[in-house]
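Structure first, commentary second.
Read the figures in this text as sums done on the coordinates, not as results from a lab. If you're wondering where the values come from, they're calculated on a predicted model, not measured in any experiment. Here the Cβ positions follow ideal geometry from the backbone for every residue, glycine too, while neighbour counts run over all protein chains shown.
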Amino acid sequence: MSIQLIMIGCLCGCIMVFFLQCVMQLGLKLDAGWIFGFSFFFDLIGFLYKKYMHGSSLFLLLAVPMILVGVTFLHKRRLSEGLFTSQGLLLWFIFLSYSIISLSWAFNDQLGFSKLQILLIHGIIPGIYIFIVYKKYKKFSWTSVVLFGLAYSIMHHLYALYTPLYPGRLTLPGGNPIFDARILFGAVTIAIWGKRIPLILRISTICFGLVSGIATQSRGPLLALLVANLLVLIYVLYKKYKNNQLRISNSFKIGAMLLIIVVGFVTMHFRDQVQDAIGGSRFTVLVNQNQLAGDANFLGRKYLQANALNKFMDNPFFGTGLGGDSLMGRFYYPHNIVLEIASELGLVGITLWGMAIIYSCYIARFSGVLLALLFQGVISALFSGDFGYNYEYLLVAITALALAPKVKEKDVDRHGQNHLYFNRFRLRRGRSSSNPIGNRTTT
């Protein structure tokens, strides 16, 4: 071991001792947002680790947040509230348990175990870490999260290259442009919807994320970004309209009209340059049906998805087992999370997965940024990645279950007389006051 590594280890030890003193003696509250940012943008850490070290960096994804969790239990020793009683976590536990059981009849159980391992390391365990730390300290800052997103966007802008493996697509060395785009556009969504983020950080992250993300020429993540944010925008406007909070000032209307006129004028003036730029990119297939029908990437995935659908029809109830199917002597996945789960886990698996996703989306409705990230992750999973590497939506789902506000009785009485919980509380009070057995005391 070199003297440099020993010195770095000693420095890290000193930092940990100082950190422990701040938490234990000064009452420092741990921010669960740091764990979310570290986990969601872990490719930033992985890339820097590989530049100076050898071997896999995944141990850092488990070890570094685990230190914070250990400090949490040293400071507050009670088990995390709601960890074992959360209905959402129970649904995901049932689905993942069935996925593990399906390995017993899988054609390639080793590949299935590898998928579960990736999902566990990247999505489930970090999500549990976030759940524990947040329930202990009740602190989550989107500013800390967006700092990781901005750092990743800048690093991608500085170090990404156009490689022969992915011609015309900006990619980090050793990476994949699709995964790069998913992370970059995730940073953009966080910067758009995250609360209490300084304006300079918000604008910088959006600019760097969009520029680098579009340069990856990844169509699925871009489509997911647009659709997810549009859906959340419609939902937010509907909520404001329903609560009579939608107020559009005249200055905003005039500004929007002027912006539309300026954008229209610029587009018409530079239409030839815009057409040339779009015509030479991979995004043309999104607006040109003829090019989409002749796109080799689209045709290849269409064939794989048809094969997955046939496998589902042959094994409709329990699927072929997690691990993929053999196709021409190789193992392929359909680049569509729904078809992949349906073909490998059958109706049982897709039903359990659908229940967990729908419940997570229902819970995430309280937060625009979590709902947008969840939509974006699921939509991206419909175009790329497999069961294991589509882990972002699961990390976001568990985070939403942790951050979801609890319904309190006094809040229901004050604001929610028409809510279902109000009737339950009123019925409960009526029973306790009218039942003498419930009010008796012992001597």
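The figures follow:
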| read-out | value |
| --- | --- |
| Across K195/K240; K51/K135; K115/K139; K195/K242, pairs whose alpha-carbon gap is larger than 26 Å | K51/K135; K115/K139 |
| Cα gyration tensor, segment 333-397 - rounded (a/c under 1.5), prolate or oblate | oblate |
| Amide H contacts of L170 (H built 1.01 Å from N, under 5 Å, at least 5 apart or other chain) | T216, Q217 |
| Burial ranking of peptide ranges 209-215, 180-186, 316-322 (average Cβ count within 10 Å, highest at the top) | 180-186, 209-215, 316-322 |
| Cα gyration tensor shape for segment 83-166, rounded if a/c is under 1.5, else prolate or oblate | oblate |
| Length gained when the stretch K51-Q117 is fully extended (0.36 nm per residue, less Cα-Cα span) | 21.3 nm |
| Built amide H within the under 5 Å cut-off of N176, gap 5+ | none |
| Placed amide H near F318: partners under 5 Å, 5+ positions off or other chain | L347 |
| Label-point separation in nm, A63 to V236, each point 7 Å along Cα→Cβ | 4.0 |
